[in-house]
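Just below is one structure, and these are the notes that go with it.
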Amino acid sequence: MLRTETVRNILSWYEGETPGLKANLSRLLMHGRLAGTGRLVILPVDQGFEHGPARSFAPNPVAYDPHYLYELAIESGVSGYAAPLGLLEQGADTFAGEVPLILKLNSGNSLVSGNDQALTGTVEDAMRLGCVGIGFTIYPGAEYSYEMIEELRELSHKAKSCGLISVVWSYPRGGKVTKEGETGLDIIAYAAHMAALLGATIIKVKLPSGHIDLDAAKSTYEKYPIDLNDAAARVKHIMQASFNGKRIVVFSGGAAKNTSELLEEVRAIRDGGGNGSIIGRNSFQRSKEEALKLLSDVMDVYA
Amino acid sequence: MLRTETVRNILSWYEGETPGLKANLSRLLMHGRLAGTGRLVILPVDQGFEHGPARSFAPNPVAYDPHYLYELAIESGVSGYAAPLGLLEQGADTFAGEVPLILKLNSGNSLVSGNDQALTGTVEDAMRLGCVGIGFTIYPGAEYSYEMIEELRELSHKAKSCGLISVVWSYPRGGKVTKEGETGLDIIAYAAHMAALLGATIIKVKLPSGHIDLDAAKSTYEKYPIDLNDAAARVKHIMQASFNGKRIVVFSGGAAKNTSELLEEVRAIRDGGGNGSIIGRNSFQRSKEEALKLLSDVMDVYA
Amino acid sequence: MLRTETVRNILSWYEGETPGLKANLSRLLMHGRLAGTGRLVILPVDQGFEHGPARSFAPNPVAYDPHYLYELAIESGVSGYAAPLGLLEQGADTFAGEVPLILKLNSGNSLVSGNDQALTGTVEDAMRLGCVGIGFTIYPGAEYSYEMIEELRELSHKAKSCGLISVVWSYPRGGKVTKEGETGLDIIAYAAHMAALLGATIIKVKLPSGHIDLDAAKSTYEKYPIDLNDAAARVKHIMQASFNGKRIVVFSGGAAKNTSELLEEVRAIRDGGGNGSIIGRNSFQRSKEEALKLLSDVMDVYA
Amino acid sequence: MLRTETVRNILSWYEGETPGLKANLSRLLMHGRLAGTGRLVILPVDQGFEHGPARSFAPNPVAYDPHYLYELAIESGVSGYAAPLGLLEQGADTFAGEVPLILKLNSGNSLVSGNDQALTGTVEDAMRLGCVGIGFTIYPGAEYSYEMIEELRELSHKAKSCGLISVVWSYPRGGKVTKEGETGLDIIAYAAHMAALLGATIIKVKLPSGHIDLDAAKSTYEKYPIDLNDAAARVKHIMQASFNGKRIVVFSGGAAKNTSELLEEVRAIRDGGGNGSIIGRNSFQRSKEEALKLLSDVMDVYA
Amino acid sequence: MLRTETVRNILSWYEGETPGLKANLSRLLMHGRLAGTGRLVILPVDQGFEHGPARSFAPNPVAYDPHYLYELAIESGVSGYAAPLGLLEQGADTFAGEVPLILKLNSGNSLVSGNDQALTGTVEDAMRLGCVGIGFTIYPGAEYSYEMIEELRELSHKAKSCGLISVVWSYPRGGKVTKEGETGLDIIAYAAHMAALLGATIIKVKLPSGHIDLDAAKSTYEKYPIDLNDAAARVKHIMQASFNGKRIVVFSGGAAKNTSELLEEVRAIRDGGGNGSIIGRNSFQRSKEEALKLLSDVMDVYA
C-alpha cells in the first residue's frame, strides 16, 4: 500500500525534518488497520513501571508475558506499540518488523514521591531494537520540569539526527497546577503547545475537561469563549494549540471506564480533529478477545 | 543593497569577532524596511511558551498557525524573527532565506513558580534552521541567575564558533530586585551592562522607568543626576551602560498598551540613541492589517 | 527583495536538505544583479594557485590586491565570489556580508605534474569567514580521482551539517579521457551527472564541445542523436544529465577569448537552460571598467 | 629591554611550570613603567559587574567606553589590565599586543544575595584575545567556596596547559569569617596561603588590618607575635604565608580613599616585600589626568 | 615601547584573525633592534637537521650548545629565533620570555633522498614552550608537495585557534621546477603567492634570481616586463605576488657568501619593500663577535 494524500499532507507539516524521520513517521501512519487515514491508535504499556506488575497485569495474567503484548499489538492492527526497554527487548527479535515500536526513554514509579521520572533507555537502544521513535514524558509545572525538558531536548535532538520520531507525553502537574487542573482545558492546551514548541513529532496529552485552571487564563477564555461542555470543541482547541492542527496529537483517557464512555470520547476526538488515541489499560487488562473487540471498535470510529 | 556606512560602523564595534559573525549581524542589519539604518525591529514570539497558547493567540486565532507568524515577519519587513524551536521549525523550509531567524534557546512557562528557564534548543538546531543567531534569557538576581549566566557562556561560546550572533534577553528579577525595580533605571542599566560584559552581540532589555531601585545606587544617581522624567534621557543612560553605545540594544515595552503610547516610547528610544524595538504581542495579537500598520508606523519612526 | 517563485521552485528541488542549506542557497540566488532570476554568475579566483600570480594578475596588476577582487565582485553585482583561503581571508572582515562567499577547499598548482589537488582549507574556515558554501574540484578519470571523490564526500557531509552548500568543479581528465575529450559532450555530461550523484548543490563544468570521446558512448549518441553543432542543444543535454535540470549547473569557458565569442556562449547557456557562468580570467584580467562592462553584458543576457 | 636578574629570580620560583607560562609571566613583569623591577601594578575593571555601571563609571563617564580603559592601561604604563569578557573584547583587536591582558573568568553581581560568582568566560576566550593569563575569584568560607575552588582547579589546569598564568582573587567571606575578619591578618594570610596551595601564579588579597579573627588562631599569634600596628609587618606576614615570599602577591585597597592614605599603603606593601597593587576604582573613577598622576605616584614608590 | 603606526598598519592586513594571533605577531614586530619598524630579522637554526651537526656547527663549535644560540638571538637583538623542538627545549626555560620563538614543526635530513620533511613537533609543544608561532616548510612541485600542503593546512588551522602565527618556508623544488628554477623569479613569486593563499602569516622565500623557469610563464614576463637585473625590482615583484605587499615576507640568502654581498642583498630587500631577512649560517657559523657585527650591520640597513 502506497502513501495516501492524507499522509503525504501530514508529512508536509514536518518541514525541515529529514526524509529519514519522515520515513519513520510514514511507517507508523501506514501500518495496521488505520493505515493511510491520518489517524492512529497506539498501545502503550508503561503501567508496570508506573503502578507495579500486579496492578497492571493481574486482571489478565497472560499479559505478564511480554510476547502477549506484542501479539496484542500485531493482531489488533494498532498503529504502534510503546513501552520501556525491557518490554520491547523481550519480543523485538521474535516480532522484528511486524509492528512499529516506540521506546519510552523515561519512566517513573509509585515507590517514590514527587513528580519526576528516571531515564531508562537510550536512543541507541531504540536503534538497536528497530524502533520508529522514542517516547518521553515531561511534567510541566513539576519541581523538576525544567530538567525533564532539558533531557527531552538532548534526547530528541539525538533521536532526530538518527531519523527517529519523538512522541512526547506532556502531563502538567505540580507547581501552579491544581489536581483538577491536570486535565483542565487551558492546561492541556498549554501542555500540547509546549510539546509542539519543543519539537515533538507526536504529542500525547490527556483528554481535557471543561475546567479552566489558571487564574491568569480565565479572562482570555471568557473573552474568546469555547463551548466547555462540548468534548469535540475542547479537542478542537487542543488541536488549535498544536500549531493549528499541524502536529499529530493523540489522547489518552486515563483511568479505565466503561466501553461506551470510552467510545464516546473517541468520537469526540475524531470530531474535534484529533489524530487518535493511546489505549493501554483498557486493552491489556481485558481478555484478548475483549481487547481485540474494543480496539476494533475504537478503530472503526477513526477509520 | 550593499552595506551602508552606518552598518559598517556598527560592525566595527564588534572587533575581534569573526567575519562569519559579522556577516550574520550584517544580514540582520541589512534586511527589511530598516535595512542599513542601524535600527532594527524584531518580532519575537515566545509568549506561547511563557503564557500559554490561548493567552497568546486567542485574540487573533490565525496566529495559532506558525506560518502566519513567518508571513507577518516577512510582509511587515521587520529585521528578524525570534522564536523557540517548534515555531521556527514549522516554516523554516517554506520560508528559507526570507527573513533572518533567531532561535530562542531557553524558555520558561507559567505553570512553574520561580524565575528560571529550561534549555529548549541547541546551537546545532540554529545552524540546521539557517538562523543568524541564538537568543537567550538571563534573570540577574534570581535564584538560578548564575546557572543561567553559565549556560549562556557555554552556548554563546559555541554559537560564536559557528559565526552565530547572540541576542541576550537581560531581565533582572528576584534577589534584591523589587517588583517595581524590574524596570528601574538603575536595574535596567545594570542588566544591559552585564549582558555586554557577557559578550552579547545584541542586548534586549525592558524600557526603563524613572525608578531607582537599589539603595546602594541611589547616592550615585543623586550625585550624577539623570532627568528621570525624560524617557529619552533614560534610554541614553542605558546606551551609556552598554559600552557607551557600542553595543546594539533593543527595547521591549512589555504588556500591550495603546498605539499612541507605544509610538511615544519608540520615539524616546530613537531620541535616546537606542537601536530599536522588540514588538511581540502588540503585533501578533492584532489582525494582520492592524499589525502591519503598527509595525509600519514604528518603523517610520526609526527610518 | 523577497524570494521569487523561480527561486522557490529551485529550492524545492533540494528536498531533504536542511532549511539552513536552503537559506544559504537562497542567499546566493537572491544576491546581486541576477537576484531572483534563478540564474547566477560567479567570480572565481583560483588562477593564482593554478597558474601562478604573474600569469593571473600581471595583465591587471591592481588584482594582485585581494581587496580589488572583493570590490570587483561587489560592484559588478555578481552572485558570489569563490576563492582559496588566503584570498578570502584578506577582505572577509572589511567586506563582511557584502557578497556571498564560497571557500574553495582544494587547489592544484602548475609546479607539480599530474592531476591532483591538495586540501587547502576547512569547513571551519568557511564558517569563520561567513561563507554560504564550499567549493571542491574533482578530476574524474585521473589517477587520484577516487581519493578526490572520497575527500569531497567527507567535506560535503560536514559542510551540509553546518548548512553550507557545496559547489563541485567536475573536470574529467586523465584515465580514458583524451585531451580533446576533456570538453567532449559525453564527458561533460558524465562529469555533471557524477557531481549530481555525489550530492553537489551546484555543479560547475566546462562548456561542452560537439566531440564525443568515449568509444563506448558513441553508439548511444548515434542512436539517440543530439545536434552536436548546436551549443544550446549541448547545454540542454548537460542539464538533462543533471537530474533533468533539477540541479543548478554553471559553466566555465576556460581560456580567455574575445567578448563576442564569450557572449555567444552565454546565450547558448541561457537558451539551453543552464543556470549561469563562472567568469574568472575574463573579468579580473581586464581593467575594472572593462570587467564591469563585460559582467554587465553577461548578466544582461541572463536577466 | 631584556629580562633583569630580579625577574629571572622570580621566574625561578615557578619551578616545574612550562616555559610558556614563564614567558607569559615574564611579559607581565617586563611591561610598562615597572618592567624588570619585580613589582607590578594592575588595572582591574570588574566593578561594572560587581556594582553596576553607574556606581562604577558615572564619576568619570568617559570610562563607560571600554577603549578608554585600554587607553588608561596603556598610557599609564601599568603592568597589565584585568577585566571580564565583554570589556576585553571591545578593544582587544584595536590594542592587540599593547598591554598584557588578564581575562577574569568569573564574576558576581549586586542583584543577587550570597557569596558566589558565575563563570563568565573561558580559557579559549583568553587565548583568542591574546591574554597572558586568567583571573578567578574564590571566597574561602562562603557556602559555595568548595565549588569555587573546584572550578578554579579545572580552569587553572586548563590554562596552564596553554601556558597561561592564573591570578587568584582570594577573598574570604561567610562561614566562620566575621565582617571585620574579611581583612583580618590571620584571614588574609590564610587566604594567600590557600591560593598558593591551589597553584596560583599570582595571588591577589586585600591589604590586611591588625585584626585577628579566628579564635583558633589567636593563641598562635600571641605566642609568635607580629607587630599588628605596623602595616609593613603585616604585609611581610602575608608574604611569609605565600611560600615565604616565593609567590607574587598583589594587594587591593578596596573602597576609594584619599591619595595620601593610598600612597602610604603602597609604601607599606613595598616595605613589607609585597609585589604590588591592584588599583581599580581609584584610577578609572578619576579624570584621566588625575588617574595618570596617581598611577605614576604609585609606581614611583615601587620603582 | 608601544606599538607604532607602522606595526598597527601591518596588523590591519591580517583582518579576521583573532586578537590573540595579532598580539603574537605584534610581539615579534615589537621585539629587538627593529621593534616598530615593520622590518624583522629572524635567526633560524634548522641546519643541524638539514645538513648534520658538523657541517652546521664545526666552524664555530660553541654553537653546538643550544644555549649559545639563544644568547646569540637575544644579544644581537634579532626579532625572533626559529628552530626545531630539541633546540628550543634546551633553553626555553632559562631564557623564557627573552626572545620571540618560532617552533619549526617539520624537518628534513640529508640521509634520505627526495624532497620531503617529517613532522617533528606539535602545536602543543609550541604552546608549552611559549612560542609566538609555528614554522613549516612546503616544497611546491615535489612528489609529496600536496601532502605537505595538507599537513600545513591542519597545523596552521590548529595554531590559529591558539592564537599562534604561522611562518611558511615556501621552497619549490622537483616536479616541473629545474635546479636553477628553484630561485627563479617566476617560481619564487609563485611560491610566495601559494603561501599567502594557504593563510601564512609570514612568508619565507629565497631571494629570487633573474631567471624565469616555467615555459608557460615566459610570455607573461615578456609582455609585462620586470627589470630582471635589478634585485630590488625582483623583490618588489615578490611583494606584489604576496597580496600586493599585504603579507609579511622575509628572505633567505641561502649558502654563505661574503658580508658585502649579503648586505647588498639586504639593501635590495629593503628597497624592494621586503620585510626582512632570515639569517642562519651567516650568523651562527661565525664567531659571536663577528656574528653580532654582521647582524648589527644587517639591522642597520633595515632600521
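The values are calculated or read from the model by the stated rules, or taken from the named source; none is laboratory data. Quick caveat: nothing in here was measured; it's all calculated off a predicted structure. Cβ sites come from the backbone with ideal geometry, for glycine too, and all protein chains shown count toward neighbours. We work out accessible area using only protein heavy atoms, side chains counted, and drop any ligands, DNA or RNA first. Shrake-Rupley method; radii C 1.70, N 1.55, O 1.52, S 1.80 Å.
Straight-line cross-link partners of D:K257 among the lysines, defined as a Cα under 16 Å from its Cα and at least 8 positions apart when in the same chain: D:K206, D:K293. Taking the average, over residues, of other Cβ atoms within 10 Å as the packing measure, peptides C:11-20, A:78-87 rank A:78-87, C:11-20 from highest down.
Report D for region E:20-59 in µm² per second (integer): Stokes-Einstein, Kirkwood Rh on Cα pairs, 37 °C, 0.692 mPa s.
Stokes-Einstein gives a translational diffusion coefficient of 269 µm²/s.
Here region D:73-213 was treated as a single set of alpha-carbon atoms; its pair distances binned every 10 Å from 0 give 12, 40, 33, 14, 1 percent.
The fraction of Cα-Cα pairs per 20 angstrom bin, counted from 0 for the protein assembly as shown, comes to 9, 31, 35, 21, 4, 0 percent, rounded to whole percents.
Beta bridges per DSSP, both residues in chain D: antiparallel share near 5 percent.
In order along region D:187-202, the Karplus-derived 3J(HN,Hα) couplings, from 6.51 cos²θ - 1.76 cosθ + 1.60 at θ = phi - 60°, round to 5, 5, 4, 4, 4, 5, 5, 4, 4, 4, 5, 7, x, 4, 6, 10 Hz, and Gly and Pro are given as x.
Distances, shortest first, from the label point of B:E5 to those at the same position in the other copies read 2.2, 4.2, 6.0, 6.0 nm; the point lies 7 Å along Cα to C-beta. Accessible surface buried by the B/A pair amounts to about 3500 Å², both sides summed, 1.4 Å probe. Peptide E:122-132 has a mean of 4 when you count, residue by residue, the C-beta atoms of other protein chains within 10 Å of its C-beta.
Averaged across D:14-25, how many Cβ atoms of other chains sit within 10 Å of each residue's Cβ atom?
For this peptide, the per-residue mean of nearby foreign Cβ atoms is 6.
Only protein heavy atoms count here; on that basis, with a 1.4 Å probe, D:Y190 has an accessible area of about 120 Å².
What ratio of Cα Rg to 2.2 N^0.38 Å holds for region D:1-128?
Normalised Rg, Cα atoms only: 1.15.
Scanning chain B for the Cβ atom closest to the axis that brings B onto D yields residue and whole-Å distance B:E147, 10. Working note: Cα atoms of region E:40-111, range along each principal axis, descending, whole Å: 35, 25, 24. Each principal axis of region D:18-302 carries a Cα extent, and these read 55, 41, 40 Å when sorted largest first. With the label put 7 angstrom out from Cα along the Cα-to-Cβ vector, E:N229 ends up 5.7, 8.7, 9.1, 11.2 nm from the copy partners, going from closest to farthest. In this assembly of identical copies, the label point of B:T259 (Cα plus 7 Å along Cα-to-Cβ) is separated from its counterparts by 5.4, 6.1, 6.1, 8.8 nm, sorted shortest first. Once C-alpha pairs closer than 8 Å and six or more residues apart are averaged by separation and normalised to the residue number of region A:18-302, the relative contact order reads 18 percent. If the viscosity is 0.692 mPa s and the temperature 37 °C, what Stokes-Einstein diffusion coefficient in µm²/s follows for region C:193-269 when Rh is the Kirkwood radius over Cα pairs? Approximately 243 µm²/s, per Stokes-Einstein. Accessible area per residue (1.4 Å probe, heavy atoms of protein chains only) ranks A:E75, C:E50, E:E154 as E:E154, A:E75, C:E50, with the largest value leading. Peptide A:183-196 has a mean of 4 when you count, residue by residue, the C-beta atoms of other protein chains within 10 Å of its C-beta.
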